[in-house]
Amino acid sequence: MPKNTEPSGGQAAIEEAAQLLRQMRFSHRKGAYAEGRYVAISVDPRWNADEHTFRVQFSCLAFGHCRIDWERLPIHIAPDDSSGVHVLTRLNRRGQALVPNLSPGEYRLTLRLRPTRIATVLSVESDRLAAQGEDEREERQVWRGESEDGAVLWSIEAGEEGDVQVAFETSAERLAGAVIVFSLIDPASQQIRYSRQLTLEPTRLPGKWEAWYSIGSRTEFQGPYELEFEILEPDGSPL
């Protein structure tokens, strides 16, 4: 008897949602709606109180009684303008996501078909590094990890002065100049706490590229959060 190669109802719905999202465009002025055989997707932008930025709500609704495992599926929000800022968010178990802050402009969407690895950061547990000869109270906290293929190493460090620094590095020449889009996501609400994009630049050491940024003080980012990141081509297109 031949094997059934058709995807399950849940997987078929996710694949259809990814296809629909690739075709959708939205802006600060106009949302978007699309539906297929298994799912309907709505994109609802609203101005924020500052009237200079806007928020956007994504909703994926499955038809019938099909149970879809939407949780932690990443959505990449890319500007149509190459000079714009990319944002990475992810769906919750209800198939919803909220991006609280976007600059006005036109955007396109990509849905990843499987969840990314969870990395909990800025929590109580970390690698504690005390400087040699100094009081242990003047220690720094570091969280470390790597991309799924091991090509990019990341770290988040809370220094002695209370500042929080996010860093990425690679020895893979193919990633020279690549863009890294990262978000810190509140695991309880599944909402973005902080988001930014960085570019891997050459270091003083040959064959090494890095990107880092100081995001603020530890009092502002008490955590815990989950780190989500995606590596893009220098022009912002997916690798």
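The values are calculated or read from the model by the stated rules, or taken from the named source; none is laboratory data. Bear in mind the structure is a predicted one, so any value in this text is a computation, not a measurement. Positions of Cβ are backbone-derived with ideal geometry, glycine not excepted, and every protein chain shown enters the neighbour counts.
Restricting to region 198-239, and then to whatever is closer than 15 Å to residue 121 by Cα and β-branched (Val, Ile, Thr), can you tell me which residue is modelled with the highest pLDDT?
Of everything passing the filter in region 198-239, 215 is modelled with the highest pLDDT.
Residues of region 215-235 being assigned to a strand (DSSP E or B), within 18 Å of the chain's Cα centre (by Cα), more than 14 Å from residue 154 (Cα to Cα) and not hydrophobic (A, V, I, L, M, F, W, C), which ones?
Of everything in region 215-235, just one residue is assigned to a strand (DSSP E or B), within 18 Å of the chain's Cα centre (by Cα), more than 14 Å from residue 154 (Cα to Cα) and not hydrophobic (A, V, I, L, M, F, W, C), namely 225.
Report, by residue number, each residue of region 6-62 that is modelled with pLDDT of 95 or more, closer than 21 Å to residue 94 by Cα and of a type in the set (S, T, N, Q).
Result: 19, 42, 57, 59.
Here's the yes/no breakdown for (1) over 15 Å from residue 213 (Cα atoms); (2) surrounded by fewer than 16 Cβ atoms within 10 Å (Cβ to Cβ); (3) among the hydroxyl-bearing types (Ser, Thr, Tyr):
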| site | (1), (2), (3) |
| --- | --- |
| 142 | no, no, no |
| 147 | yes, no, yes |
| 150 | yes, yes, no |
| 164 | no, no, no |
| 168 | no, no, no |
| 172 | yes, no, no |
| 180 | no, no, no |
| 183 | no, no, yes |
| 200 | no, no, no |
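Before we move on, is residue 71 under 24 Å from residue 114 (Cβ atoms) and not hydroxyl-bearing (Ser, Thr, Tyr)? Before the answer, list the steps.
Details: under 24 Å from residue 114 (Cβ atoms): yes; not hydroxyl-bearing (Ser, Thr, Tyr): yes.
For residue 71, the condition - under 24 Å from residue 114 (Cβ atoms) and not hydroxyl-bearing (Ser, Thr, Tyr) - is met.
Of the residues that sit in region 111-132 and are within 21 Å of residue 150 (Cβ to Cβ) and of a type in the set (Val, Ile, Thr), which one is modelled with the lowest pLDDT?
My answer is 116.
Can you tell me which residue is nearest to residue 198 (Cα to Cα) among those in region 93-114 that are of a type in the set (D, E, K, R) and in a loop (DSSP other than H, G, I, E, B)? Talk me through it step by step, then tell me what you get.
Of all residues in region 93-114, those of a type in the set (D, E, K, R) come to 93-94, 106, 108, 112, 114.
Narrowing further to those that are in a loop (DSSP other than H, G, I, E, B): 93-94, 112, 114.
Details: 93: 29, 94: 30, 112: 20, 114: 24 Å.
Checking each candidate, the answer is 112.
Residues that are among the hydrophobic types (A, V, I, L, M, F, W, C): which strands (runs of 3 or more DSSP E) entirely in region 1-92 hold 3 or more of them? Before you say what the answer is, go through the steps one by one.
On the way: elements: 25-27, 32-35, 39-47, 54-62, 74-79, 87-90.
Counting at least 3 such residues, we get 39-47, 54-62, 74-79.
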